[in-house]
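Nothing in this text is a laboratory measurement; each read-out follows from the coordinates by a stated rule. Here the structure is a predicted model, which means the values were calculated and not measured. So basically every Cβ, Gly included, is an ideal-geometry build from the backbone, and we count neighbours across all protein chains shown.
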Amino acid sequence: MATHPVQAGPGGDPVNPVMAATALVAELRKRTPEINALGRLPNDLVDKMVEAGLFSLTIPRQYGGQEIDWRTYMEVLVQVGRGNGSASWVLAILNTVNWMVAAMFPKSVADRVFATPGGFRAAAVQTPRQYNIRKVDGGIHIEQGRWPFNSGIYHANWDGLGVPSFDADGNEVALDCLALVPADKVKILDDWNVVAMRGTGSSTVIVEDLFVPDEYITSMSDAGRGIYNSPHLAGQPSYRSPFMPLFTATLGFPVLGMGYGALDIFIEQMKTKKLFYSRYDDQRDAPITHLQLGEASAKLDACRYLLGNAVDEIQDSAERGGDMALDDRARLKRDIGFSNRMVCEAIDLLATASGASLGGASNAFTAVWQDIRVGHVHATLAPNTNLETYGRLLVGLDPGHPFV
């Protein structure tokens, strides 16, 4: 797969996006305590990521984006995740929603929103906690609504909100649409108070008394079936990628990156770690440590293989027109969920080798371990759900839900 250069870096030379991400790893890791204390990414760090082109990875080239292939996209997010999982998660959400807006909305909307001053950045959250929304002429009217877990909203200038579809008589049909609204029309409650993934800033947002035109509403059900409202991008394969496998993989990339980051930190800490009640004075000399490192690293590399194979299949499907069979979509989600579980297994293995220092509030390994554990339970990544879905298909049953 080709790797496309990002915007010009210092001196005007093009910068490889993976290299740009790798260059941020040390700073991201160093600033993790600051990120966690703030509960979002610091503005100056976001500015650096914008300057490096990391928020424009999935925007079409005609709108000033990079439109990189999915394998390169994976490597960028894995590298950022090695430095800080929250930063990678925010990039994953915003870049995926940028892609969604390109693929799922008409050219008239794309022309406007991708011209947003300072660069288009959209967050999104599908499921409202409560809402009162009605169909009106030309669109919908949000009387009031509350959407929790709006990751990345502090760094977005647009927001996608899950809203219902309606029949011709104005009756609600299903909660299966996404409304694109300016971020300054939502109120952030600043209620993200969690033990891990703190830098994602996944606060609740509320909206009151807002009209959204039909043009700014898209069907997620159609997207799940590969029906995209962007004929102007018909010749650009990335925007015909199968949506649910892509979205699931996108959230798997930060988790894998965190796994490699935890491995880095464990190895660094091990160099000076003493062992007690053992024949070995130094942990680096103990055969059990060598075995644990060998197994953990093998699990992480196996995860990289599964995720890499998934994105290659997604890319190939897009280049063939985007029509991926249900069985294949479910299989890729199975593999992504399984790889997500293996990251946890790998880092849990290293956690058991960390001794009592694992309980330290300022232990860098512990912070990443907690982030992995919290990121891993996101509903889209849930291993049991994805494994069960594929198992149902194997015995001739339907998936039982539309999120495949």
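Couple of notes before you dig in:
- Extension gain, residue 282 back to residue 175 (0.36 nm per residue minus Cα-Cα distance, nm): 32.8 nm
- DSSP loop chymotrypsin sites (Phe, Trp or Tyr not before Pro) with at most 10 other Cβ within 10 Å excluded, longest remaining stretch of the chain: 1-275
- In this simple spin-label model, placing a label point 7 Å from the Cα along the Cα-to-Cβ direction at both residue 295 and residue 141 gives a separation of 6.2 nm.
- The ranking of 274, 135 from fewest to most other beta carbons within 10 Å of each one's beta carbon is 274, 135.
- Computed from the C-beta positions of residue 232 and residue 305, the FRET efficiency with R₀ = 56 Å rounds to 0.95.
- Label zone at residue 189 (point 7 Å along Cα-to-Cβ), backbone N below 16 Å, region 93-127: 125-127
- Whichever lysines have a C-alpha closer than 24 Å to that of residue 48, once near sequence neighbours (fewer than 8 apart) are set aside: 30
- Each part gets one Cα centre, and for region 61-137 versus region 330-404 those centres are 24 Å apart.
- Summarising the strand pairing of the chain, around 90 percent of its internal DSSP beta bridges are antiparallel.
- Distance in nm between pseudo-label sites at residue 323 and residue 401 (7 Å out along the Cβ direction from Cα): 2.8
- Neighbours of residue 392, meaning other residues whose beta-carbon lies under 14 angstrom from its beta-carbon, give a summed charge of +1 when Lys and Arg score +1 and Asp and Glu score -1.
- Dipole moment magnitude, nearest 20 debye, the chain about Cα centre, only Lys, Arg, Asp, Glu C-beta charged: 860
- By the rule of a C-alpha distance below 25 Å, with chain neighbours fewer than 8 residues away ignored, the lysines paired with residue 107 are 135, 185.
- FRET E, pair residue 47, residue 168, Förster distance 41 Å, beta-carbon r, rounded to 0.05: 0.30
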